[in-house]
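These notes concern the structure reproduced below.
The values are calculated or read from the model by the stated rules, or taken from the named source; none is laboratory data. Note that the coordinates shown come from a computational prediction; the quantities given were computed from them, not determined experimentally. Reconstructed Cβ throughout: ideal geometry from the backbone, glycine too, with neighbour counts over all protein chains shown.
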Amino acid sequence: MIVFAAIVPHSPLLLPTIGKEHQSKLAQTLAAYQEIEQALYLAKAETLCIIAPHGPRYPDSFSANMAGSYQGTLKSFGDFSTTVKAKSDYMLIDRAHRKMREEGLPFTLTSSEELDYSYSIPIILLTAHLQNWKLFPISPSMMDGKAHYEFGRQLKRVLHAETRRVAVIASADLSHKLTADSPGGPSAEGPKFDEAVKQAVQTKDPNHLLSLPLEVIENSGQCGYRPITTLLGTLENTNYEPKVLSYEAPFGVGYLVAKYNIG
């Protein structure tokens, strides 16, 4: 069953081993991450279903990594000491794959022990106290938001049928085009996208995102649209209470942390 859900960013600067001098500028995000970590522990999550945007992606198929175990490093960011390890919930992944295929949804399995940073950063920041948990890593496709929302709806049916306690986490940075200091420079669409995400969370209405014009999605320089729309699909017709814990953009990239308390 789904017992908890959240949206978190995956900036490597959140780790003191990489962004030590930037920790004060990310204080709100780090405090919100701590709240999510505590809530995960209290929810007694046994499986983390993390939907992250930077793994292998297919044009017309969603995918899950079904390796026996996983390992990630942050060497590409200059951190040679940190290693992330996780056990695979391969039985759940297999059941999800079979069910999706029965429903006619395009869902592919890959197998790689390597985790990229969009999985590793949330794992590091969310599992300090969590015991005996397993990972279900999902990669979105390149299809539109409505397809991802529908995929999330079908994923919910699988997860709710499980006896294991599952937390669904969208690993998602928002616009990279908010200000002149942004990595992609400023754009009018950047703030519009971030505001639509906040509205979708606060009002419990996914149409704030699903109705966004394509040019806003593409020109905002985001990487979180598909993970977030998938997560929202898993929450459809669920009794939950959403809360935006923090939103800041000290480096011109939108970082939002939100939690969903599920009743």
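Before moving on, here are some points about what is shown:
- The residues in the stretch 70-83 that are touching a Phe, Trp or Tyr at 6+ places or on another chain (Cβ under 8 Å), assigned to a strand (DSSP E or B) and of a type in the set (A, V, I, L, M, F, W, C) can be counted, and the count is 1.
- Residue in the stretch 205-218 that is in contact with a strand residue (DSSP E or B) (Cβ under 9 Å, 6 or more places away or on another chain) and touching a residue at least 24 places away in the same chain (Cβ under 8 Å) present: no
- Selection within the stretch 27-44 - in a helix (DSSP H, G or I), surrounded by fewer than 22 Cβ atoms within 10 Å (Cβ to Cβ) and touching a strand residue (DSSP E or B) at 6+ places or on another chain (Cβ under 8 Å): Gln28, Ala31, Glu35, Ala39
- Asp89 of a type outside the set (A, V, I, L, M, F, W, C), surrounded by 20 or more Cβ atoms within 10 Å (Cβ to Cβ) and in contact (Cβ under 8 Å) with a residue 40 or more places away in the chain: yes
- Flag not set for Gly252, criterion: surrounded by fewer than 20 Cβ atoms within 10 Å (Cβ to Cβ) and closer than 30 Å to Ser61 by Cβ.
- None of Ser11, Ser76 is exposed (fewer than 14 other Cβ atoms within 10 Å of the Cβ) and either under 16 Å from Ile121 (Cα atoms) or in contact with an Asp or Glu (Cβ under 6 Å, 6 or more places away or on another chain) (or both) except Ser76.
- Taking the stretch 45-69 as the range and being of a type in the set (Gly, Ala, Ser), modelled with pLDDT of 95 or more and not in a strand (DSSP E or B) as the test, the residues that pass are Ala45, Ala52, Ala67.
- Ser24 being without any contact (Cβ under 8 Å) to a residue 24 or more places away in the chain, surrounded by fewer than 21 Cβ atoms within 10 Å (Cβ to Cβ) and out of contact with any strand residue (DSSP E or B) (no Cβ under 7 Å at 6 or more places or on another chain): yes
- Scanning the stretch 136-194 for residues that are among the small types (Gly, Ala, Ser), assigned to a helix (DSSP H, G or I) and surrounded by 24 or more Cβ atoms within 10 Å (Cβ to Cβ) returns Gly152, Gly190.
- Scan of the stretch 84-98 for residues that are assigned to a helix (DSSP H, G or I) and of a type in the set (Gly, Ala, Ser), ordered by number: Ala96
- Against the list (1) among the hydroxyl-bearing types (Ser, Thr, Tyr); (2) surrounded by 13 or more Cβ atoms within 10 Å (Cβ to Cβ); (3) over 16 Å from the mean Cα position of the chain (by Cα), the condition Ser63 fails is (3).
- Search result, residues across the stretch 35-66 that are free of Cβ contacts under 8 Å to residues at least 60 places away in the same chain and touching a helix residue (DSSP H, G or I) at 6+ places or on another chain (Cβ under 8 Å): Met66
- Among the conditions (1) under 19 Å from the mean Cα position of the chain (by Cα); (2) surrounded by 17 or more Cβ atoms within 10 Å (Cβ to Cβ); (3) aliphatic (A, V, I, L, M), the only one that Val244 does not satisfy is (2).
- Those residues of the stretch 99-135 which are of a type in the set (Gly, Ala, Ser) and outside any helix (DSSP H, G or I), in sequence order: Gly104, Ser111, Ser112, Ala128
- For the stretch 195-239, the helices (runs of 4 or more DSSP H) that sit wholly inside it and include 1 or more residues that are of a type in the set (Asp, Glu) and over 14 Å from the mean Cα position of the chain (by Cα) are 214-219.
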